[in-house]
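Colleague: Please read through the structure below; I'll follow up with questions.
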Amino acid sequence: MTQVFVVHPENPQGRILAQAAQILAKGGLVAVPTDSSYAVVARLDDKSAAEDLRRVRGLDERHNLTVLCRDLAEISTFAKVGNSQYRLLKMATPGPWTFILEATKEVPRRVSHPSRKTIGIRVPDNKIVRELIDQVGSPLLSTTLIPEGESEALNDVAEIEKRYKGQIEAVVDGGACSMQPTTVIDLTDETPVVVRVGAGDPTKLGLS
C-alpha cells in the first residue's frame with residue numbers, strides 16, 4: 001500500500017516529511033513534487049536506489065539519474081565544476097534545470113553513466129523537496145515521474161498512487177505542479193548543449 005503524506009506547498013510540515021524521510025532511510029521510494037513535475041526519489045547512499053528508480057521508470061543504465069542538491073556549494077561535492085560551468089550554475093539555481101556534469105568519486109559507480117561517468121545535478125526551487133532533503137540530511141537521487149512509453153510527467157497524486165501501487169512506498173501530496181520535466185543542459189564540453197527543453201527557458205541563460 002502506498003502511503004500519502006499531505007503537506008502545505010508553501011509551508012511544508014517537517015514532522016510529516018520526517019515520516020517520508022524514514023521510508024527513504026529504509027530503502028523505499030517516494031514521489032515528491034518539484035518546481036517542474038513530480039519526481040520519484042531515493043537516498044543516494046542506498047545500494048539499490050539506482051536499480052529501483054530505473055525499474056520504476058523502465059530506464060536502462062545509460063539514462064542519467066539526477067542528484068537533488070540543497071545548494072550550489074553541495075553540487076561541487078558530486079560533480080566536477082569549472083569556472084564557466086559555475087557561472088552558468090549560479091545563474092540557473094535554484095530552478096527547473098538539470099545539468100549533466102562529470103561525476104566525482106563521491107558518486108557511486110552504480111549511479112553514474114556507465115561509459116561517460118556523468119550524473120545529472122540540480123537544485124530544485126520547491127520548498128517541499130528542499131525540506132525533504134534537509135530531513136534526510138543528504139542529497140537525494142531522483143528521476144522525473146514519466147510513465148514508461150509516455151512523454152508527459154505525472155502531476156496528479158491519485159494517478160501516481162494508482163499507477164505505481166506496490167512500486168512506490170509513499171507520495172508527498174503538495175498539490176498539482178507542472179507536467180513539464182526540467183530543461184536538461186549538458187555541460188561536459190566547453191560549449192553547453194541543450195539536450196531537452198522543459199520548464200526552464202534556455203534563452204534566459206543565453207542558450208538556444
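The values are calculated or read from the model by the stated rules, or taken from the named source; none is laboratory data. Quantities reported herein were computed from a predicted structural model and do not represent experimental measurements. A quick note on method: Cβ atoms are made from the backbone with ideal geometry, for glycine too, and the neighbour counts reach across all protein chains shown.
Colleague: Go through (1) closer than 20 Å to GLY200 by Cβ; (2) polar (S, T, N, Q); (3) modelled with pLDDT of 95 or more; (4) surrounded by fewer than 22 Cβ atoms within 10 Å (Cβ to Cβ) one by one and return the number of the condition THR66 breaks.
Modeller: Condition (4) is where THR66 drops out.
Colleague: Being touching an Asp or Glu at 6+ places or on another chain (Cβ under 7 Å), part of a strand (DSSP E or B), farther than 21 Å from GLN13 by Cβ and not small (Gly, Ala, Ser), is that true of even one residue in segment 95-110?
Modeller: Checked against the condition, which is being touching an Asp or Glu at 6+ places or on another chain (Cβ under 7 Å), part of a strand (DSSP E or B), farther than 21 Å from GLN13 by Cβ and not small (Gly, Ala, Ser), segment 95-110 yields at least one hit.
Colleague: Contact list please: Cβ distance under 6 Å, first residue in segment 180-208 and buried (at least 19 other Cβ atoms within 10 Å of the Cβ), second residue basic (Lys, Arg), pairs at least six apart or on different chains.
Modeller: Correct list of pairs: VAL184/ARG196.
Colleague: Please note which strands (runs of 3 or more DSSP E) are completely contained in segment 128-208 and include at least 2 residues that are out of contact with any helix residue (DSSP H, G or I) (no Cβ under 9 Å at 6 or more places or on another chain).
Modeller: Ranges flagged: 183-186, 193-196.
Colleague: Moving on to the next point. Report, by residue number, each residue of segment 102-159 that is modelled with pLDDT of 95 or more, under 18 Å from ALA49 (Cα atoms) and of a type in the set (Lys, Arg).
Modeller: Hit for segment 102-159 is ARG122, nothing else.
Colleague: I've got another one for you. Does ASP45 satisfy the criteria of being part of a loop (DSSP other than H, G, I, E, B), in contact (Cβ under 8 Å) with a residue 12 or more places away in the chain and more than 19 Å from PRO181 (Cα to Cα)?
Modeller: It is true that ASP45 is part of a loop (DSSP other than H, G, I, E, B), in contact (Cβ under 8 Å) with a residue 12 or more places away in the chain and more than 19 Å from PRO181 (Cα to Cα).
Colleague: Mind checking which pairs have a first residue in segment 67-90 that is under 24 Å from SER208 (Cα atoms) and in a helix (DSSP H, G or I) and a second that is among the acidic types (Asp, Glu) and at pLDDT below 95, Cβ under 7 Å, 6 or more apart or different chains?
Modeller: So the pair list comes out empty.
Colleague: Of everything in segment 18-38 that's closer than 19 Å to ARG122 by Cβ and not hydroxyl-bearing (Ser, Thr, Tyr), which residue is surrounded by the most Cβ atoms within 10 Å (Cβ to Cβ)?
Modeller: Filtering segment 18-38 for residues that are closer than 19 Å to ARG122 by Cβ and not hydroxyl-bearing (Ser, Thr, Tyr), the one surrounded by the most Cβ atoms within 10 Å (Cβ to Cβ) comes out as VAL32.
Colleague: Now, a different point. Only one residue in ALA25, ALA49 is among the small types (Gly, Ala, Ser) and over 25 Å from SER151 (Cα atoms), so which one is that?
Modeller: Exactly one of ALA25, ALA49 is among the small types (Gly, Ala, Ser) and over 25 Å from SER151 (Cα atoms), namely ALA25.
Colleague: Tell me which of these ALA153 doesn't satisfy, since it passes every other one: (1) touching a residue at least 24 places away in the same chain (Cβ under 8 Å); (2) within 18 Å of GLN3 (Cβ to Cβ).
Modeller: The one condition ALA153 does not meet is (2).
Colleague: Quick one: is ARG57 in contact (Cβ under 8 Å) with a residue 40 or more places away in the chain, more than 11 Å from the chain's Cα centre (by Cα), surrounded by fewer than 23 Cβ atoms within 10 Å (Cβ to Cβ) and closer than 15 Å to GLU148 by Cβ?
Modeller: yes
Colleague: Kindly provide the set of residues from segment 24-39 that are closer than 20 Å to VAL195 by Cβ and touching an Asp or Glu at 6+ places or on another chain (Cβ under 9 Å), ordered by number.
Modeller: Hits for segment 24-39 are THR34, ASP35, SER37.
Colleague: For GLY95, all conditions in the list (1) buried (at least 23 other Cβ atoms within 10 Å of the Cβ); (2) closer than 18 Å to LEU187 by Cβ; (3) under 12 Å from the mean Cα position of the chain (by Cα); (4) not acidic (Asp, Glu) hold save one; what is the number of the exception?
Modeller: For GLY95, the failing item is (1).
Colleague: Follow-up question, since we're still on this one. Kindly indicate whether any position in segment 48-58 is hydrophobic (A, V, I, L, M, F, W, C), modelled with pLDDT under 95, within 20 Å of ARG130 (Cα to Cα) and part of a helix (DSSP H, G or I).
Modeller: Yes: one or more hits.
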